[in-house]
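Here is the structure we will look at.
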Amino acid sequence: MLKLYKVYIRTMSSQNKQSMPSLSSKLAKFQKVVKPKLIVNQEIKLQDIEDLPGGSAALYFSPRQTRKQRQSNTAVLKTDLPAKKARQIGKEEAPINSKATKTKIGSATIVECAVVPKYECDNKIDVNSIKAEKESFEIVPKLEHVDKIEVSSIKTELESPKKVPKCEPANGIKTEVDSPNANWCQQLENVRLMRSERPAPVDTQGCHQCADKNADEKTQRFHKLVALMLSSQTKDETTYEAMNRLKARSLTPANIQQMPVAELEKLLHPVSFYKNKAKYVKQTAQILIDKYNEDIPDNIKELLKLPGVGPKMAHICMATAWNQITGIGVDTHVHRICNRLAWLKKPTKEPEQTRVQLESWLPQELWAEVNHLFVGFGQTICTPLRPNCEGCLNRDICAASTAAKKK
């Protein structure tokens, strides 16, 4: 039943479509021509769509301004402008040459301009005087012999590395020694050159710079000893500042002995192990008062007996306080650099082991400068972490150089 109903609906819809007439058939029945309601006068010549009669241009343009409105507005504006501005506008709109005439020949336009008269100058230029002045100039002689510059030689000089002076014996120092490294003398000269070009903290804030120069010699020796005791595992800048605080409180063995330990600790902070060092300084001050009349010992054995004084401090103290060279002061910098440069027969783990091996072959005339040279070199270039091997003059003759491995 449902299927029959669907078939019936389809047939009815098809019949309705066939019975509905089209638009063209309807127009054919009327047999009339549809004419436009708006009849335009053909005599009116339209130049623009804005000229449509009856205000129909408003349908196509925004209500802001039409062309006629713009023309009328500009005319009003020109009358309202001041005289100077009006003249400027008039000049802009005026033709470039008012004397020009235009003639049309067919589609072409010929413009004829008036001939401009020649400008006559009152002051006539004398050509003969100019020639005379030109000939009066001195003639520069040509360079016959010119030294040719070779670009290749300049390139080689720029690309070549900095020349290092050869190591030569000075002040009677023997360079032919039983050294573990055949290049030790050249390496030493390179370190001297690098240290001369680059200052280090030890140069201005080292232990030898911590003493009060206005004090007497006995007090200065005590200052140098205390500075060395504080410098262990401490940067020179920190030691120098702590010494300035102590000197402001009149640094003498008697004043240190009377000062409470807590107050001394506060003055030494942030020096490494400042609590232990405060005890050592107080004990040393008491020993100097009892045995040495507030002076320091003048030999290495007695210095090593003082609490908190090791071999490095004792040897440097003898050199700076008493001007006596008793050994090489080997700290962490000297210990590290000697192992890197292969100045030791066997690698060492302790600074005292390095000192023993170094003193076994290094000429004694060089003992005094080794500590100061290597400490500054270790602070600036051969640092503990990430050394500047590329900027080091020993990069090609150093076993530990990372620059040589890259090549």
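Laid out as a table, the results:
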item: Conditions (1) in contact (Cβ under 8 Å) with a residue 24 or more places away in the chain; (2) surrounded by 18 or more Cβ atoms within 10 Å (Cβ to Cβ); (3) within 39 Å of the chain's Cα centre (by Cα); number of the one not met by Pro253; result: (3)
item: Subset of the range 349-365 [buried (at least 18 other Cβ atoms within 10 Å of the Cβ) and either aliphatic (A, V, I, L, M) or outside any helix (DSSP H, G or I) (or both)]; result: Leu358, Leu362
item: Positions within the range 204-220 being surrounded by 15 or more Cβ atoms within 10 Å (Cβ to Cβ) and outside any loop (DSSP other than H, G, I, E, B), in sequence order; result: Gln205, Cys207, His208, Gln209, Lys218, Thr219, Gln220
item: Residue tally, condition within 18 Å of Asn339 (Cβ to Cβ) and either open to solvent by less than 70 Å² (accessible area, probe 1.4 Å) or of a type in the set (Lys, Arg) (or both), over the range 382-398; result: 11
item: Some residue of the range 331-344 being open to solvent by 60 Å² or more (accessible area, probe 1.4 Å), assigned to a helix (DSSP H, G or I) and touching a residue at least 40 places away in the same chain (Cβ under 8 Å); result: yes
item: Search result, residues across the range 256-269 that are charged (D, E, K, R) and open to solvent by 70 Å² or more (accessible area, probe 1.4 Å); result: Lys266
item: Of all residues in the range 195-225 being out of contact with any Cys (no Cβ under 8 Å at 6 or more places or on another chain) and of a type in the set (A, V, I, L, M, F, W, C), the one that is farthest from Leu251 (Cα to Cα); result: Ala200
item: Given (1) under 30 Å from Gln220 (Cα atoms); (2) touching a His at 6+ places or on another chain (Cβ under 8 Å), number of the condition Glu350 does not satisfy; result: (1)
item: The range 174-194: number of residues that are assigned to a loop (DSSP other than H, G, I, E, B) and under 43 Å from the mean Cα position of the chain (by Cα); result: 4
item: Residue list for the range 358-407, filter: within 22 Å of Ala314 (Cα to Cα) and free of Cβ contacts under 8 Å to residues at least 40 places away in the same chain; result: Leu358, Glu359, Ser360, Gln364, Glu369
item: Residue within the range 284-292 that is under 19 Å from Thr234 (Cβ atoms) and at pLDDT 95 or above present; result: yes
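So that you can scan it fast, the table gives a plain yes or no per residue for (1) in a loop (DSSP other than H, G, I, E, B); (2) under 27 Å from Asp396 (Cα atoms); (3) under 39 Å from the mean Cα position of the chain (by Cα):
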site	(1), (2), (3)
Thr320	no, no, no
Pro347	yes, yes, no
Trp367	no, yes, no
Val370	no, yes, yes
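The values are calculated or read from the model by the stated rules, or taken from the named source; none is laboratory data. The model shown is predicted, which means the values in this text are computed figures rather than measured ones. With ideal geometry, Cβ positions are generated from the backbone for all residues, glycine too; neighbour counts draw on all protein chains shown. What goes into the accessible areas is simple: the full protein's heavy atoms, side chains included, and nothing from ligands, DNA or RNA. Shrake-Rupley method; radii C 1.70, N 1.55, O 1.52, S 1.80 Å.
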